[in-house]
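The values are calculated or read from the model by the stated rules, or taken from the named source; none is laboratory data. What you see is a predicted model; the values in this text were computed from it and never measured. Cβ sites come from the backbone with ideal geometry, for glycine too, and all protein chains shown count toward neighbours. To get the accessible areas, we keep the full protein, side chains included, count just its heavy atoms, and leave off ligands, DNA and RNA. Shrake-Rupley method; radii C 1.70, N 1.55, O 1.52, S 1.80 Å.
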Amino acid sequence: MNLQGTTVVVTGGSRGIGLEVARAVLAAGGRVVLAARGEPGLAAARRSLAQASRENAATGGTGLGSGLEPPGPASAGERILTVPTDVTEEGQVAGLFTAAVDRFGRVDALVNAAGVLTRGGVTETKLEDWQTNLAVNLTGVFLCSREAVRRMVAQPPAEDGVRGHLVQIVSGAGVHGWPGHAAYSAAKHGVMGFSASLRDEVREQGVLVSDVLPGMTATAMTDLPDFASRNKLAPEDVAQAVLAVLEAPARAMLTRVDVRHRLTG
Ligand SMILES: NC(=O)c1ccc[n+]([C@@H]2O[C@H](COP(=O)([O-])OP(=O)(O)OC[C@H]3O[C@@H](n4cnc5c(N)ncnc54)[C@H](OP(=O)(O)O)[C@@H]3O)[C@@H](O)[C@H]2O)c1
C-alpha cells in the first residue's frame, strides 16, 4: 500500500509504539486517527506530531518525519484526528470508526496497538487483573478489527485490489509462554488465533491481516525496575516494521513479522 493520502486508525496512539506508528504514517504522507482513553495523552501526542512536522519543514529534513509537512493544504495538523476511545467499549469503538470515516472518507488500515500489561504468578493473579488483560489485549482487538472489517469490505478497493489492512501488535508472548505474565501471554496467544482465523475469512474480499510481534521495547509498559537491564528495542524500530508490512506489495501479504533486538537478554 502506498500510504500517501490513506487513513490509518491507530489504537494506543497516544504514546509508545502506537505513537511512533502514527509518526511514521504521517511521514509517509498518510492521515492518522489516534485512539486511546486519556484525552491529555492524545492532546500531547497531537502536539508532538505537529511539532515534529514543523521542525522538519523548517530544516528541510530528509529523515523520518521529513514527509510530515508536504506543500499544499494537507498539513500534518489537518491529517491528525484524535478520538478518545476505550477499546473495550463496543459503542465507543463504533464511534471511533464513524468519526474516522466522517472526517477522512474511508479507513485503509487499522493498527491495533492499545494494550496493558498486568503481572504476577498465576496463583497470585486476581480475577479482575485477568479480565482486564483479556478485555484490552484480546476483546479490544476483536471489537476494533470487527468494526474495521465491516467498513473495509463495504468500500471500493484501491488500485491494487486491497480494501484494507489490519496490523495487530502482538508480542513474542503470543507464541511463547512468559512465566509471571500468564494473563498477558494468554491474551496475546488469543490474538494470534483470532488473526489467523480472520485472515482466511477476509483475504478474498481484499482485506489483509498481519501480526507484528515485537520483543521488549522501551515504552511506559516496560519501564519497570526488573526490566532495566534488558536490551530493548526503540518504539521507532517497531513502527518501521509496521510500515514495512503496510507498504509491502499487495500480492505478498506479510502474515507475521517478529522484531527482535539483535543482542540477546
Ligand atoms: N513495550 C513492549 O515491550 C511490547 C512488546 C511487545 C508487544 N507490545 C505491545 O505493543 C502494544 C503497545 O504497547 P506499548 O509498549 O506502546 O505500551 P504503552 O506505552 O503503555 O501504550 C499503551 C497505549 O494503549 C492505550 N490503552 C491502554 N488501554 C486502553 C484501552 N482500554 N482503550 C484504548 N487505549 C488503551 C494507552 O493509552 P490510555 O492509557 O490513555 O488508554 C496507550 O496509548 C501493546 O499491545 C503491547 O502489548 C509491547
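Between helix 90-104 and the chain there is an angle of about 20 degrees, using the helix long axis and the longest principal axis of the Cα atoms.
Quick one: length gained pulling R146 to A196 fully straight, 0.36 nm per residue minus the C-alpha distance? All intermediate terms of the calculation are to be shown ahead of the outcome.
Details: separation 50, 0.36 × 50 = 18.00 nm, distance 1.40 nm.
Gain on extension, R146 to A196, equals 16.6 nm.
With N set to the residue count of the chain, report its C-alpha Rg divided by 2.2 N^0.38 Å to two decimal places.
Details: Rg = 17.7 Å, N = 265, 2.2 N^0.38 = 18.3 Å.
Compactness ratio reported: 0.96.
The modelled label-to-label distance between E204 and R47, using points 7 Å beyond Cα along the C-beta direction, is 5.1 nm.
Farthest towards the positive end of the charge dipole of the chain, among the residues G161, S53, N112, is the Cα of S53, using unit charges on the Cβ of Lys, Arg, Asp and Glu. Computed per residue of the chain from DSSP H runs no shorter than four, each worth -39500 (n - 2.57), the mean residue ellipticity at 222 nm is -13000 deg cm²/dmol.
Sorting the segments 93-101, 151-159 by their mean number of nearby beta carbons within 10 angstrom, highest to lowest, gives 93-101, 151-159. The simple spin-label model puts a point 7 Å past each Cα toward its Cβ; for R106 and N2 those points are separated by 1.4 nm. In plain terms, if you count all Cα to Cα distances in region 1-57 and split them into 5 Å steps from zero, the share in each step is 5, 22, 31, 25, 14, 4, 0 percent.
How do the peptides 116-128, 193-205 rank, highest first, by the average count of neighbouring beta carbon atoms within 10 Å per residue?
Details: 116-128: 12.6, 193-205: 14.3.
For the peptides 116-128, 193-205, the packing ranking is 193-205, 116-128.
In a simple Cβ point-charge model (Lys, Arg +1; Asp, Glu -1; nothing else charged), the chain has a dipole of about 220 debye relative to its Cα centre. Pairs of Cα atoms nearer than 8 Å and 6+ residues apart set the relative contact order; for region 122-225 it is 32 percent.
Taking label points 7 Å from Cα along the Cα-to-Cβ direction, L224 and E124 give a separation of 1.0 nm.
What does the accessible area per residue of the chain come to in Å², with a 1.4 Å probe and no ligands, DNA or RNA counted?
45
Find how much the distance from V153 to E89 grows on full extension, using 0.36 nm per residue of separation minus their present alpha carbon separation; answer in nm with one decimal. Result: 20.8 nm gained on full extension.
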